[in-house]
Amino acid sequence: MLPMSPPIDMVVRSFVFGLVLALFAACQSSSSAPIPDAAPAFDAAVGVMCASSVCSTATGCCSVTGGTPSCLASGQSCSGKLMMCDGPEDCGTGMSCCVLSAGGTSCETATQCQANGTIACNSEMDCPGELPACCNHACTTECSFW
């Protein structure tokens, strides 16, 4: 008696299942260490991007409706939206750059920011555990790519 080979549909299903498992395993990362970039993005530099200038985080950038954003001089006030940071690199340890719901940005704790704005980020490592993803420079619980 000749050995029977399995039906073709069973072979195809087994192959597809194996392929799906291999693709899933390839998507998993065994390392949580970031892969360094060749050069940092400009917004990762200390200072606040303001039109074509970079302002000091001590004075910030003022954006007035209808006008070009400009760096403030020491002691000068802003009649528009004041941006004191554009990423976590501009804030001290334990602080986040918060894009305020009322407009402008400020260095705050992650808890303060979640109550009145959105945490700005340059990478997922900038985001707190409860908001682990960095999408379009904002920390969120998940990213939507389409």
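FYI, it's all coordinate maths here, none of it is from the lab. Nothing here was measured: the structure is a model prediction, and the numbers come from that model. We place every Cβ from the backbone using ideal geometry, glycine too, and count neighbours over all the protein chains shown.
Points worth noting:
- Peptide packing: for 92-99, 103-110, the average count of neighbouring Cβ atoms within 10 Å per residue gives the ranking 103-110, 92-99, highest mean first.
- Highest to lowest packing among 66-73, 115-122, scored as the average C-beta count within 10 Å: 115-122, 66-73
- Net charge of neighbours whose Cβ lies under 10 Å from the Cβ of THR105, counting Lys and Arg as +1 and Asp and Glu as -1: -2
- Projected label points at VAL64 and SER123, each 7 Å from Cα along the beta carbon direction, are separated by 3.9 nanometres.
- Descending semi-axes in whole angstrom, ellipsoid equivalent of region 37-120, from the Cα gyration tensor: 19, 17, 11
- Full extension of the chain between ALA133 and VAL46 gives 29.1 nm of extra length, using 0.36 nm per residue less the Cα-Cα distance.
- Estimated distance in nm for a label pair at GLU142 and ASN116, the labels positioned 7 Å out from Cα along Cα-to-Cβ: 3.1
- Take 135-142, 79-86 and order them by the average number of nearby Cβ atoms within 10 Å per residue, most first; the result is 79-86, 135-142.
- Multiplying the residue separation of ALA102 and SER74 by 0.36 nm and removing their Cα-Cα distance gives an extension gain of 7.8 nm.
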